[in-house]
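Okay, so here's the structure we're looking at.
Quick note: the coordinates plus some simple rules give every number you see, no bench work behind them. Since the structure is predicted, the reported quantities are computational estimates derived from the model, not experimental observations. Here the Cβ is made from the backbone with ideal geometry for all residues, glycine too, and neighbour counts use every protein chain on show.
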Amino acid sequence: MLRSDFHTHTILSDGALLPIELIRRVAVMGYKAIGITDHVSLSNVERIVPEIIADCKMAEKNWDIIAIPGVEVTHVPLKKINHVIALAKKCGAELIVVHGESPVEPVEEGTNLIAVGNPDVSILAHPGFLTAEVAEKARDNNTFLEITARAGHSYTNGIVARRGKEVGAKFLVDTDAHDVCDLIDEGKAIAIALGAGLDKKEAKIAVTENPDILLKRLGRL
């Protein structure tokens, strides 16, 4: 099974590489799909999304990789989150990730709940101290909960896994990669899922089956 990662960053926000450089590296590693999800708000969404789209299209025309243009809506005031999401979609973003209430960043309380209530949001990234209410709404709205490989954000992976399992929500293991050294293979992704508290079957589903579910929802399989 080829690896898919739906949460990465490039030099267009706070990453180290151009989108095309990051896509090339995962293509060489044998990835099936990558989501380029740079941080956006009203200040940059109309500029960044078309730039991501350009490199994703070029990559897909030349290499055997699914490259999905997306965004991570980050540190946006509660009343403006849905507006930024709508604008990102209008600009052509196929994949919407929302920066969840990580334990290591001052994300406004309530962001998680708004994110899982918006049908255009595919992934709630590093949700932090996930509540039962948010987990249930994520399940009901088919929003994936992220188990993250990112240091710091991963401190609450155990809580995310436990709350999500209690209500039957779906998980993805993403890297939140900012550079090549952050990329991982399938074995490492499964180890991270196991470390969060998923059992072997659940970890395998999160790493190998759920990515294909998302790709089908996005019309990419």
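Note on K201: lysines with a C-alpha under 17 Å away, same-chain residues under 8 apart excluded, are K165, K170, K188. Looking at the stretch 106-213, the chymotrypsin sites (Phe, Trp or Tyr not before Pro) that sit in a DSSP loop and have at most 16 other Cβ atoms within 10 Å of their own Cβ are F129. Placing a pseudo-label 7 Å from each Cα along the Cα-to-Cβ vector at Y155 and E46 gives an inter-label distance of 3.8 nm.
With the simple spin-label model, which puts each label point 7 Å out from Cα in the Cβ direction, the N142 to E21 separation comes to 3.7 nm. Each Lys and Arg Cβ is given +1 and each Asp and Glu Cβ -1; about its Cα centre, the chain then shows a dipole of about 520 debye. Cross-link candidates for K89: which aspartates and glutamates have Cα within less than 19 Å, leaving aside residues fewer than 8 places away along the same chain? In chain and number order, the partners are D38, E46, E51, D55, E72, D120. For Rg/Rh (Cα atoms, Kirkwood Rh), the value computed from the atomic coordinates appears in the list [x] 0.99; [y] 0.93; [z] 1.05 under label [y].
Inter-label distance, L113 to V167: 1.2 nm, where each label sits 7 Å from its Cα along the C-beta direction.
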